[in-house]
Amino acid sequence: MTYEIRDQADNLLYKVENSADLLTDRGRHGIDLLPGHRIIATKLLTGQQKELELIDLTVDSVDVENDIISGTAPPDAFVEAAAYDDCPWCGWGLHYAFRVRADENGHWSADFAARGHDITADMEAHALVHDADGDATLVHPGARRVPIDIKPGSYPNAINLAAQGSLAVAILTGESFDAASMQPDSAVFAGAWPQRWRLKDVDKDGDQDMILHYMISELNLDAGCVEGWLYGVTLDGLPVQGVDSLKIVPAHLLSGRP
């Protein structure tokens, strides 16, 4: 069996034979599996293929006091929410799972108490959504995904690592996230800390986004990088992360300001 990871532009990110490690985000392949990435499995003898396109699925809250797990998914998607006690001496132990449907805005909530189930702090949780032929995108609770824009107003997001000066990265406000709730000095992009920041309507949609500036000389990027990650926390201490595409270019190919 051959496994491939391809991005939305059909670029090959990783390929390996006889390994199911692609099922794990940042597994041995080192790729951050993102919504829109495709995992393709091909049988070596017959050439038969099976494909999974990862969807934008999150687990944003595990409320053990009220026994509710909630998150986001594509609008109207059926989400299987699960809570379980995976202990080595009792197998799966307790395992609660049932399906709920995301609303028209993509929000879903699974009320385990309404089904007589008690979620405890030592339980793991996940959510999954199956595609038409039975494959599934599965996620665990983690940092909330927020939209970012590298070099707002520019595409492709070309970066000359030898350039002097700073790189602008915007955290965008959307229906479910207010960029003003971000703790700006926590926002690490490509290993660099922001030098300055301000609120500004970057995408001209009428709300305030947060634009941060990073010294290019401090970025932990190299010629092979095709995406840049931002990690940080909100003012309430909730972890967030965002990613956008980028293109590393030699100095003589880059015109205008970096």
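Worth pointing out:
- Residue in segment 100-110 that is of a type outside the set (Asp, Glu) and either at pLDDT below 80 or over 25 Å from the mean Cα position of the chain (by Cα) (or both) present: no
- Test result for residue 169, touching a residue at least 12 places away in the same chain (Cβ under 8 Å), among the hydrophobic types (A, V, I, L, M, F, W, C), crowded, with 19+ Cβ neighbours inside 10 Å and part of a loop (DSSP other than H, G, I, E, B): no
- Residue 50 being in a strand (DSSP E or B), modelled with pLDDT of 90 or more and either over 29 Å from residue 174 (Cβ atoms) or in the same structural domain as residue 177 (by TED's automatic domain parsing) (or both): yes
- Number of positions in segment 210-226 that are buried (at least 18 other Cβ atoms within 10 Å of the Cβ) and in contact (Cβ under 8 Å) with a residue 60 or more places away in the chain: 2
- Lone unmet requirement of (1) surrounded by 15 or more Cβ atoms within 10 Å (Cβ to Cβ); (2) in contact (Cβ under 8 Å) with a residue 60 or more places away in the chain; (3) within 22 Å of the chain's Cα centre (by Cα); (4) not in a strand (DSSP E or B) for residue 156: (1)
- Against the list (1) of a type outside the set (A, V, I, L, M, F, W, C); (2) more than 30 Å from residue 223 (Cα to Cα); (3) crowded, with 16+ Cβ neighbours inside 10 Å; (4) free of Cβ contacts under 8 Å to residues at least 40 places away in the same chain, the condition residue 194 fails is (2).
- Within segment 111-140, residues that are assigned by TED's automatic domain parsing to the domain that holds residue 83 have Cβ atoms under 9 Å from residues that are part of a loop (DSSP other than H, G, I, E, B) and of a type in the set (Phe, Trp, Tyr) in these pairs: 118/112; 119/112, counting only partners at least 6 apart in sequence or on another chain.
- Odd one out for residue 205 among (1) part of a loop (DSSP other than H, G, I, E, B); (2) over 30 Å from residue 70 (Cβ atoms): (2)
- Residue check, residue 165 over 15 Å from residue 243 (Cα atoms) and touching a Lys or Arg at 6+ places or on another chain (Cβ under 9 Å): yes
The values are calculated or read from the model by the stated rules, or taken from the named source; none is laboratory data. Since the structure is predicted, the reported quantities are computational estimates derived from the model, not experimental observations. FYI the Cβ positions are ideal-geometry reconstructions off the backbone, even for glycines, and counts take in every protein chain you see.
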